[in-house]
Amino acid sequence: MLRLSRSLHALPARVDTSVNKTLATLATAALLGMTPVAHAGEAAPLAADPVVEARMIAISEELRCLVCQNESLAASHAELAEDLRREVRSLIRDGKSDAEVRDYLVSRYGDFVLYRPPVKPTTWLLWFGPFLILAAAIIGLIAYLRRRASLLKPAALSAADRAAAEALLSGDSQPTQPKDQA
Amino acid sequence: MKRFLIPLGLFLVLVVFLAIGLNRDPHEVPSPLVGKPAPDFKLQQLAEPDKSFSPADMRGQVWLLNVWASWCVSCRAEHPLLVAFARQGGLPIVGLNYKEVRGDGETDVKKLAADEETTLTRQRAAAWLSQHGNPYLLSALDMDGRVGIDYGVYGVPETYLIDKKGVIRYKQIGPITPEALEKKILPLAKQLAGES
């Protein structure tokens with residue numbers, strides 16, 4: 001399959017349309033003809049028991065593949081992931097609960113296999129740290145706002161200013177000069 | 001001046017965290033098995049097909065369990081060190097030959113008959129040992145990798161230091177380096193040899 005698509009990409013961009021059409025037909029035929037053959041061998045063990053398979057996928061989506069660490073055990077194509085999926089399948093068939101299956105893997109590979117780390121003393125900082133930072137930020141913000149509010153208190157008006165303002169507001173046509181400027 | 005101290009402090013904390021994070025190898029996952037009894041197994045031996053090996057056979061000795069395979073490139077890197085170490089009579093090393101045929105990434109075991117895989121495993125493992133030297137007291141054949149899973153193997157080579165009571169005391173992930181051997185494995189082995 002890979003080789004076919006690669007050779008198609010390698011063709012010059014502009015080819016005579018009739019050639020293009022023939023190629024397209026050929027490619028379609030090749031795809032149609034080849035796909036089932038290419039996948040027949042891989043699909044066989046999966047379909048064995050849909051219930052087991054669904055549970056296996058549900059569990060292993062929450063587990064980390066140790067080889068390609070940013071992939072889940074469900075998605076990884078690493079060989080170890082395949083082995084572990086097989087192991088999970090057989091544990092499910094043995095009637096183990098989801099928690100027991102997870103424990104099986106944690107006891108061998110550690111908490112690192114869990115995408116959701118368990119809440120325990122060593123992970124308290126991980127789980128609650130963000131809330132600590134949030135609380136610290138809120139306390140800091142409140143303290144800052146209080147200090148700011150006290151700095152912005154309006155200055156009290158002097159008696160002369162008040163009189164001048166009142167004179168202006170009352171609509172007195174004769175503007176009175178403030179005393180201190182006279 | 002004071003107003004710059006807090007951001008500067010936070011920045012330095014961040015730098016320290018990043019420096020620690022960047023200098024750690026995410027592929028070295030600490031094993032939960034350190035401090036726990038080595039999982040039991042019974043596997044046939046490489047050199048003597050009619051004999052089997054189980055970790056209980058090593059009770060009373062401090063020993064190394066080294067996971068290897070002929071297709072493993074890093075094993076080739078650590079192998080001369082193991083051979084030299086074994087020649088000096090350091091510690092008994094037991095090899096766990098891991099998925100010799102299934103792990104090579106080429107052979108489809110489904111197409112092989114049951115005993116064909118065993119034969120092929122023996123041939124390849126023995127050929128590799130005769131080419132690169134054999135530091136092992138014996139090698140056990142973990143053809144389907146199930147024992148590997150019990151030991152939390154996720155890459156080859158890996159090496160376990162096991163004490164007289166059969167408890168795993170140290171796990172080396174990846175090839176043993178001269179540094180790891182001298183600074184970690186040997187001092188710990190010496191200490192463990194003193195324990196009853």
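Name the residues whose placed amide hydrogens come within less than 5 Å of the amide hydrogen of B:Trp68, ignoring near sequence neighbours (fewer than 5 apart) on the same chain.
For B:Trp68, whose amide H was placed from the backbone, the distant partners under 5 Å are B:Leu96, B:Asn97, B:Tyr98.
With a 1.4 Å probe and all protein chains kept in place, how much accessible area does A:Lys96 have, in Å² rounded to the nearest 10?
Its heavy atoms expose roughly 80 Å² to the probe.
Students sometimes get this wrong: rank B:Trp68, A:Trp127 by accessible area, probe 1.4 Å, all chains present, largest first.
From most exposed to least exposed: A:Trp127, B:Trp68.
Give the Rg (one decimal place) followed by the Dmax (whole number) of chain B, computed from C-alpha coordinates and expressed in Å.
For chain B, the Cα-based Rg and Dmax read 20.4, 79 Å.
In Å², nearest 100, what accessible area do chains A and B bury in total when the solvent probe is 1.4 Å?
1500 Å²
Ordering A:Leu126, B:Leu161 from largest to smallest accessible area (1.4 angstrom probe), what's the sequence?
A:Leu126, B:Leu161
Mind listing P(r) for region B:52-101? All alpha-carbon pairs, 5 Å bins, whole percents.
Whole-percent P(r) values from 0 Å outward: 5, 18, 26, 23, 18, 9, 1.
Ordered by residue, what ³J(HN,Hα) values in Hz, to whole numbers, does region A:50-58 give under the Karplus form 6.51 cos²θ - 1.76 cosθ + 1.60, where θ = phi - 60° and Gly and Pro are x?
Karplus values, whole Hz, x for Gly and Pro: x, 5, 4, 4, 5, 5, 4, 5, 4.
Residue by residue through region A:145-151, which ³J(HN,Hα) values in whole Hz follow from phi under the Karplus form 6.51 cos²θ - 1.76 cosθ + 1.60 (θ = phi - 60°), with glycine and proline marked x?
Rounded to whole hertz, the list is 5, 5, 5, 5, 4, 5, 6.
Taking amide hydrogens as modeled 1.01 Å from N in the peptide plane, which residues meet the under 5 Å criterion relative to A:Leu114, leaving out close sequence neighbours?
Under 5 Å from the amide H of A:Leu114: A:Arg64.
Per residue in region A:62-90, which ones lose no less than 20 Å² of accessible surface when going from chain alone to all protein chains (1.4 Å probe)?
So the qualifying set is A:Leu66, A:Val67, A:Gln69, A:Glu79, A:Leu80, A:Asp83, A:Arg86, A:Glu87.
Within the accessible area of region A:73-180, what % is carbon and sulfur when the probe is 1.4 Å and the other protein chains stay in place?
Taking all protein chains in place, region A:73-180 shows 64 percent carbon and sulfur surface.
Using a 1.4 angstrom probe with every protein chain in place, what is the largest-first accessible-area order of B:Trp63, B:Trp71?
The residues order as B:Trp71, B:Trp63, largest area first.
Using only DSSP helix segments of four residues or longer, with each worth -39500 (n - 2.57), what per-residue ellipticity at 222 nm results for chain B after dividing by its residue count and rounding to 500?
Computed mean residue ellipticity for chain B: -11500 deg cm²/dmol.
What ³J(HN,Hα) values, in whole Hz, does the Karplus curve 6.51 cos²θ - 1.76 cosθ + 1.60 give for region B:9-25 when θ = phi - 60°, with x put for Gly and Pro?
x, 4, 4, 5, 4, 4, 4, 4, 4, 5, 4, 5, x, 6, 8, 9, 8
Within 13 Å, Cβ to Cβ, of B:Trp128, how many net charges do the neighbouring residues add up to if Lys/Arg are +1 and Asp/Glu are -1?
Residues near B:Trp128 contribute +1 overall.
Which entries in the list B:Lys42/B:Lys110; B:Lys110/B:Lys165; A:Lys120/B:Lys164; B:Lys42/B:Lys164; A:Lys96/B:Lys164 go over 28 Å, if you measure between the two C-alpha atoms of each?
The answer is B:Lys110/B:Lys165; A:Lys120/B:Lys164; A:Lys96/B:Lys164.
Tell me the accessible surface of A:Ile57 in square angstrom (1.4 angstrom probe, heavy atoms of protein chains only), to the nearest ten.
For A:Ile57, solvent-accessible area is about 70 Å².
The values are calculated or read from the model by the stated rules, or taken from the named source; none is laboratory data. Source: prediction; values computed, not measured. Please note: Cβ atoms are built from the backbone with ideal geometry, for glycine as well, and neighbour counts cover all protein chains shown. The protein model used for the area step is the full one, side chains on, heavy atoms only, and it has no ligands, DNA or RNA in it. Shrake-Rupley method; radii C 1.70, N 1.55, O 1.52, S 1.80 Å.
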